[in-house]
């Protein structure tokens, strides 16, 4: 510490001697060096303070920055207007002295105000504005001659100048005392650098009260002391504050890094918990699906095994076949729900916007659950608002699917009372109407602690509910996502032990009144009596099922096990209809259809309708089938009703323009079966 102090004293002594010798030869150069060196220091302090205020909003530091920036401005104008500089030739020695006095007032009063009032809330903004205003207004007053004279050539300093110096010295001295009292720890930490610098500034003020020549000795002494003040500010305040700010910056940086690490750890824990929850949900899902699949599968395999016995009476045989059919439909429903949920969450599910009848939708849902409700001894009520238009345009299959899920849950969880659902008119918006759908039951209700999980897939209130009532836990979650896909929101209200009500509202376009009942059986007039059909299917079981279903209608059926066999058959014989499996080894169904079209063109035949058969569902498969030249698309499993509807659609008699017929039916042939697939659910 002593060596450091001796070093600074040696530097100051060297600078003093050098400046004194320089002043003897060129006082103007001496004055400019001292002033501009001080200005640079003041600017650094000012900008450093504002930079530091971004990291630590210390009002005193901001005030100090403003003071020294204003001081640097006034000192610059003072130096440029100094006698002999020639930059502002119309300004005299009096003007430069006036600027010096103004600078001393701003410096002294600003330091004292900052020391006294910087802790007050209103101080920072008002102080900076006041400091800047006084500096600019004072400079303007000097320029226009409104400022008192401070130096008269031949006579020296005026009384106002001398008084102002003493006033500035008093304010600076008071500021030193206040900072030593209020900011003692900070002053001690900085080695009292600010206080020593201000003390040198006070000492310079004494010298500036007794000179009578701006190039005189006392003026030189005052500037040397003024330079000492700037040097102490540079080495003590500026360098010390810079180190302190760097330490503060690194401390804040380290704290930010620690905070980021804490946030990262928290996010990792959350993500780990989410993954564990997902794994648990996956395990529950696998266990649930295993149970729900094995239950109907047991019915299928058990009944099939029992039916192998020829001694089973016909009545029982029919009953067991119904069990097999119902179990298969249950399996298909589980599979469809899982696939639909996956598509919705991946954003690949599309809606089939087509005309549908709300009355038919309600009737189908009621007929599906009427027998089950009667078996449980509960009522099933249906209400269709007369104000609901007879035909609406929307995805009727998805609306039916949501109703089936919600009404099915209501019947499942209700032991006594009733389950009701209503389709209500809820307003109009131009050509669109609001359709509100409500499903109400008097069942067990939903416990409060499990309501937040209601819309999560594979979730039920607890394991006991799954054991008592069964189910995958997909119904409500899937319904919520389907409703959202259609632009609505599924909401619920529930009271434990008294029941639950689900509701949602959809905005649907009103359709025409000429919609035909597509859900009915195919019209006899549209069914051909004689038909030559080619089945292209590599799976022998699927091929056998199709052969039996088509032969029951009295049609001629031939089969091909591969696409190459199909091409050979089409080359040798003309068929009225081709059922084409899409997934076959070697040449697939798409390529086979393209080959058939080539054979037809070369033979000059009209194109035979090709029906796509596949287990895949999705718009991309339908588009690909259409591009290959196929006329219809059927998803497996293929039932008799689905096959007959396909044939009826392809071979119905001409009833005017085909496009008009398609418009009346509400769909094209290649899109018709998608609506049927959704209706089947």
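Here the peptides 221-228, 419-426 are ranked by packing, the mean other Cβ count within 10 Å, and the order with the highest first is 221-228, 419-426. Measuring between their Cα centroids, the stretch 75-103 and the stretch 590-649 lie 98 Å from each other. Between the stretch 364-441 and the stretch 308-327, the C-alpha centres lie 33 angstrom from each other.
From most to least packed by mean Cβ count within 10 Å, the peptides 317-329, 631-643 give 631-643, 317-329. The order of 266, 78, going from fewest to most other C-beta atoms within 10 Å of their C-beta, is 266, 78.
Among rounded, prolate and oblate, which fits the stretch 568-618 when a ≥ b ≥ c are the square roots of the eigenvalues of its C-alpha gyration tensor, a/c under 1.5 means rounded, and a/b larger than b/c means prolate? Judged from the Cα gyration tensor, the stretch 568-618 comes out prolate (a/c at least 1.5, a/b above b/c).
In terms of its C-alpha gyration tensor, the stretch 283-368 has an oblate overall shape, because the principal axis ratio a/c (a ≥ b ≥ c, square roots of the eigenvalues) is not below 1.5 and a/b does not outweigh b/c. Ordering 390-396, 583-589 by mean Cβ neighbour count within 10 Å, with the highest value first, yields 390-396, 583-589. Once you order the gyration tensor axes a ≥ b ≥ c over the Cα atoms, which shape class does the stretch 354-510 get: rounded for a/c under 1.5, otherwise prolate or oblate by comparing a/b with b/c? Prolate shape, in that a/c is at least 1.5 and a/b is the bigger ratio.
Rule-based calculations on the coordinates, nothing more; no lab input. None of the values given here were measured: they were computed from a predicted structure. Quick reminder, even Gly has a Cβ in these numbers, built from the backbone with ideal geometry, and neighbours come from all protein chains shown.
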